[in-house]
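Everything below concerns the one structure shown next.
The values are calculated or read from the model by the stated rules, or taken from the named source; none is laboratory data. Keep in mind the model is a prediction, meaning the values are calculated, not measured. Every residue, glycine as well, gets a Cβ built from its backbone with ideal geometry; the counts of neighbours run over all protein chains shown. We work out accessible area using only protein heavy atoms, side chains counted, and drop any ligands, DNA or RNA first. Shrake-Rupley method; radii C 1.70, N 1.55, O 1.52, S 1.80 Å.
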Amino acid sequence: MQIHEDFDLSQVLWFRIGGKARYFLKCTTRDDIFKALDFVEEHHPERLFVCGQGSNLLFTDDYFDGVVIQIATGAKPQISFHDETGTAFAGETLDSLIQLSFNHHLHGLEWAGGLPGTIGAGIRGNVGAFGGEIKDNLIAAEVLEFDDKNIDVLEMNNADFHFSYRQSVVKEKKNMIVTVAQFQFIHADREELVKARSIYAVNIDYRKTHHPLEYPNCGSVFKNIKKPDEVAKIVDVWPDIRPLVKEKWHGKVSMGYINNRLGFSGYTIGKAKVSEKHANFINNLGGATAKDVLTIIKRIQEMAEETFSITPEVEVEIVK
């Protein structure tokens with residue numbers, strides 16, 4: 001375990017935005033996580049936050065007077081396979097798990113091709129893309145639940161996580177850490193493996209083409225609109241999108257589309273800019289602050305409220 005004091009979080013978070021943390025602990029093994037919790041017990045910090053690569057996080061510019069624990073990839077892969085089950089350390093990336101599964105003639109996670117982030121963070125936020133969600137593949141996981149006095153080691157099955165859209169009990173309770181997870185794969189013959197690799201590659205290419213990967217960002221800023229009453233309010237204002245809602249967005253409304261049509265594509269505050277490639281992304285052009293980003297988020301929400309009488313819900317997790 002690495003221990004850093006007064007650490008600049010912008011050095012490690014995907015968005016390259018964030019103030020300093022009193023303590024930053026980097027854990028690359030299961031044992032490291034236990035050591036980190038011992039550190040927390042010893043120092044009694046006012047605040048504690050656990051993250052992976054921070055690919056869907058926005059820390060404010062303020063001083064984080066507490067401990068940030070990052071669970072990250074180690075020097076050697078901590079992934080193994082038995083029959084159609086894959087077991088991985090929470091700090092491993094989803095991409096590593098996918099590629100190694102292909103090497104073992106397994107498939108099932110190819111929908112996540114190009115999706116950034118670690119396995120633990122993916123479970124915590126029930127990460128998803130292209131119609132898939134991590135809950136669809138997760139069998140079970142070891143989770144540490146902790147308080148001021150105890151650390152309980154829990155074996156949680158899929159149902160125990162109470163998954164919903166970009167949400168889980170781990171994210172809700174904030175005193176739980178995923179350490180190791182088991183995933184269900186499907187054995188693939190040669191033809192099936194070629195198809196799975198193709199889906200994986202196509203999804204990566206889609207991201208390269210449609211997402212602003214050339215800049216630091218936090219991924220999708222807002223959740224797509226999915227509540228039927230909110231969808232109806234938007235369609236009432238923009239009746240021409242009815243076919244898109246039904247045929248392309250599967251009953252939802254794309255926030256990228258909304259932001260673009262409301263005129264936010266290219267909208268800039270300071271060094272933060274709404275992507276012209278995908279308007280549900282806010283790019284850090286270099287030196288952007290959390291205040292810049294939060295100002296843009298607030299303006300989009302205000303415009304949506306004025307136009308449709310709805311307030312879009314942020315997907316990015318904001319740590320104040």
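Structural remarks
- Cβ separations smaller than 6 Å between residues 6+ apart or across chains give the following pairs from region 101-121 residues that are farther than 19 Å from T179 by Cα to residues that are of a type in the set (F, W, Y) and assigned to a strand (DSSP E or B): H104/F81.
- Output for region 280-307, where each listed residue is part of a helix (DSSP H, G or I), under 18 Å from S265 (Cβ atoms) and in contact (Cβ under 8 Å) with a residue 12 or more places away in the chain: D292, V293, T295, I296, I297, R299, I300, M303, A304, T307
- Residue in region 173-193 that is at pLDDT below 95, part of a loop (DSSP other than H, G, I, E, B) and out of contact with any His (no Cβ under 8 Å at 6 or more places or on another chain) present: yes
- Scan of region 84-99 for residues that are over 11 Å from F183 (Cα atoms), in a loop (DSSP other than H, G, I, E, B) and not small (G, A, S), ordered by number: E92
- Residue among K208, K277 that alone is assigned to a loop (DSSP other than H, G, I, E, B), surrounded by fewer than 21 Cβ atoms within 10 Å (Cβ to Cβ) and within 21 Å of the chain's Cα centre (by Cα): K277
- Scanning region 133-148 for residues that are touching an Asp or Glu at 6+ places or on another chain (Cβ under 8 Å) and either within 18 Å of E315 (Cβ to Cβ) or not in a strand (DSSP E or B) (or both) turns up just one, D148.
- With respect to the conditions (1) closer than 18 Å to V314 by Cβ; (2) under 23 Å from the mean Cα position of the chain (by Cα); (3) not β-branched (V, I, T), E230 lacks only one, and its number is (2).
- Leading residue by the ranking (nearest to the chain's Cα centre (by Cα)) among those in region 51-107 that are more than 18 Å from L25 (Cα to Cα) and either charged (D, E, K, R) or at pLDDT below 95 (or both): N56
- All positions within region 8-26 that are surrounded by fewer than 23 Cβ atoms within 10 Å (Cβ to Cβ) and of a type in the set (G, A, S): S10, G19
- Those residues of region 38-60 which are open to solvent by less than 60 Å² (accessible area, probe 1.4 Å), of a type outside the set (S, T, Y) and closer than 27 Å to K76 by Cβ, in sequence order: F39, V40, F49, V50, C51, G52, Q53, G54, N56, L57
- Selected residue [over 20 Å from G125 (Cβ atoms) and either at pLDDT below 95 or surrounded by 21 or more Cβ atoms within 10 Å (Cβ to Cβ) (or both)] from A290, A232, A304: A304
- Scan of region 298-320 for residues that are more than 23 Å from S164 (Cα to Cα) and of a type outside the set (S, T, N, Q), ordered by number: K298, R299, I300, E302, M303, A304, E305, E306, F308, K320
- Test: residue in region 27-37 that is open to solvent by 40 Å² or more (accessible area, probe 1.4 Å), assigned to a loop (DSSP other than H, G, I, E, B) and among the hydrophobic types (A, V, I, L, M, F, W, C): no
- When residues of region 235-272 are limited to those that are surrounded by fewer than 17 Cβ atoms within 10 Å (Cβ to Cβ) and of a type in the set (S, T, Y), the one farthest from V221 (Cα to Cα): T268
- Any chance F24 is part of a strand (DSSP E or B) and in contact with a helix residue (DSSP H, G or I) (Cβ under 9 Å, 6 or more places away or on another chain): yes
- Identity of the residue in region 127-168, open to solvent by 60 Å² or more (accessible area, probe 1.4 Å) and within 18 Å of the chain's Cα centre (by Cα), that ends up nearest to E84 (Cα to Cα): D136
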